[in-house]
Amino acid sequence: MINKILSAESKAFYRSLFIIVAPIALQNLITAAVGSADVIMLSYVGQTSLAAASLAGQVQFVLLLFFVGMSSGLIMLTAQYWGKKDTYSIETLTGIAFKFSCTAGLIFSLAALFCPAFLMRIFTNDDAMIAEGAKYLRLVAPSYFCMSLSQIYQAVFKSIEKVVVVTVITFGALGLNIVLNALLIFGWGPFPQLGIRGVAIATSIARIVELLACVFVASGIKSIRIVPSILFRRNPLLFKDFFKYSMPALGNEFVWGAAFAMYSVILGHLGEDIVAANSVVGVARNLASVLCFGMAYGGAILLGKEMGAGNLAKASADAGRFWRSTTLAGLLGGIVIILSYPIMVRVGKLNASSIDMMRWLLLSNGASIVGAAINTVLICGIFRAGGDARFGFVMDSICMWCVSVPIGLICAFVLDLPPVVVYIILYLDEFEKMPFVIHHYRSKKWLKNITR
């Protein structure tokens, strides 16, 4: 009888997980496909343009981490309030998130518009890549502010289980991005041939369309009202909660993302070949990771809803199922990355040195994604569902900035090791923190109802 009950509970969980995760995974796939299309198209323009776009993209990557941190903090609270059926608090928290997010988006837009060369010099000292990257950043600048709004809209849609809507919006906007990329990079038909500038223009147009779609969808949702007046609501308790739970998540994303950006800085100073090879390998990694990362973030919504409704025992049992299934997805993703070598070496016009590096980069990423799946599902999925973002912040601060980044700098610039060896050392960082992360999961300290 117990086995039958457990089996029924498991089936119910996996069914709910699929309903939430499938659209999120599809959204991640679409996003990865657009990034992959950029890489593939630019690789035919030239290796310098490809490498420059890759490094310039780190600016958006850092900003996106801010948005992910804001969104994670927002979802932590709103998913639990959704389980409690408190829509007023969801609206108030959304207004608070908008104010933080828009400020960051405006700062990044102005920086990319007025000092793009300065931003590029952070990542490389190669004059050719700086010049190409600056062209890209000036034209992509408007997209950063649009993202500051659309990312918060989409976080709210996800937390109230309207993930299909988010997928449709993403599909439309990023599908437009791919089409415009092709037209503007190569100058097909009546369109000018703009190369790397075409990628930036296409991205900005797509982000504007995405924002307009979010506003339109929000206007039709009856359960919550996302209107300008929520920006002016004052609720000290909810502001305190948002700050308490969002800031560690934001800090965690920035610590992790800044470390990855530092990896790009290190690689950017080791030459164009390793940067170009990593850009192509990133295509395989992004496509192979859509399922496991979709599960990590999607499952957090389910667990948060259960905790907010007070079903802590069920949330604990579902967390175990959640972890095991995401780990399996990571293993499958790692196999896909390793097996993609025959395809990846035929992408674009890379030189012989970059192609030689690619095999080792794929192998290290195949192993890394397994560790990333386990750590992400626990830190960003299970722990954050219960409002515990502080643990991940502390763990990544220690493991990445006290261990991985210093070792990478020493290996690259003191020991002068080959670029591929430096890359492998950097990208196997996930396994440093895994034992501590698993121990924290077993302690159950993350299992909490954080609503008021």
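Assuming 0.36 nm per residue, please report the length gained on full extension of the stretch ASN125 to ILE107 beyond their Cα-Cα distance.
Gain on extension, ASN125 to ILE107, equals 4.1 nm.
Between LEU231 and ILE398, the contour length at 0.36 nm per residue exceeds the alpha carbon distance by 56.5 nm. Once you have all Cα-Cα distances for segment 316-452, histogram them in 5 Å bins from zero and send the whole-percent values. P(r) for segment 316-452, in whole percents per bin: 2, 10, 16, 16, 16, 14, 11, 7, 4, 2, 1, 0, 0.
So for the chain, considering every pair of alpha-carbon atoms, how many percent are separated by more than 38 Å? Here the long-distance tail beyond 38 Å is 20 percent of all Cα pairs in the chain. Of interest is the spacing of the C-alpha centroids, which for segment 225-293 and segment 365-380 amounts to 15 Å. Taking the C-alpha atoms only, the angle from helix 163-186 to the longest principal axis of the chain is near 10 degrees.
Per residue and in Å³, how big is the convex hull formed by the alpha-carbon atoms of segment 142-286?
Details: hull volume 23.6 nm³, N = 145.
So the per-residue hull volume is 163 Å³.
Please report the base-10 log of the normalised intensity I(q)/I(0) for segment 303-367, using a Debye sum with one equal scatterer per alpha carbon and no solvent, at each q in 0.24, 0.27, 0.28 (1/Å). Reported log10 I(q)/I(0), two decimals: -0.95, -1.05, -1.08.
Rounded to the nearest 10 degrees, the inclination of helix 47-84 to the longest alpha-carbon principal axis of the chain is 0 degrees. The helix-only estimate of mean residue ellipticity at 222 nm for the chain, built from DSSP H runs of length n ≥ 4 each weighted as -39500 (n - 2.57), is -28000 deg cm²/dmol after division by the residue total. Under the convention that each Lys and Arg Cβ holds +1 and each Asp and Glu Cβ holds -1, the size of the dipole of the chain around its Cα centre is about 1780 debye. Would you be so kind as to identify which of THR92, PRO435, TRP401 lies farthest towards the positive end of the dipole of the chain, taking Lys and Arg as +1 and Asp and Glu as -1 on Cβ and the Cα centre as origin? Projecting each Cα onto the dipole axis, the largest value belongs to THR92. Distance cut-off 23 Å, Cα to Cα: go down the list LYS305/LYS448; LYS244/LYS445; LYS99/LYS444; LYS244/LYS305; LYS162/LYS222; LYS158/LYS445 and report the pairs above it. Over 23 Å Cα-Cα: LYS99/LYS444; LYS158/LYS445. Semi-axes of the equivalent ellipsoid for segment 204-250, computed as √(5λ) from the eigenvalues of its C-alpha gyration tensor and ordered from largest down, come to 26, 17, 9 Å.
Readers should treat all values here as calculations from the given coordinates under stated rules, not as data from a laboratory. Please read all numbers here as calculations on a predicted model, not as lab measurements. When we count neighbours, we look across all protein chains shown, and the Cβ atoms used for this are built from the backbone with ideal geometry, even at glycine.
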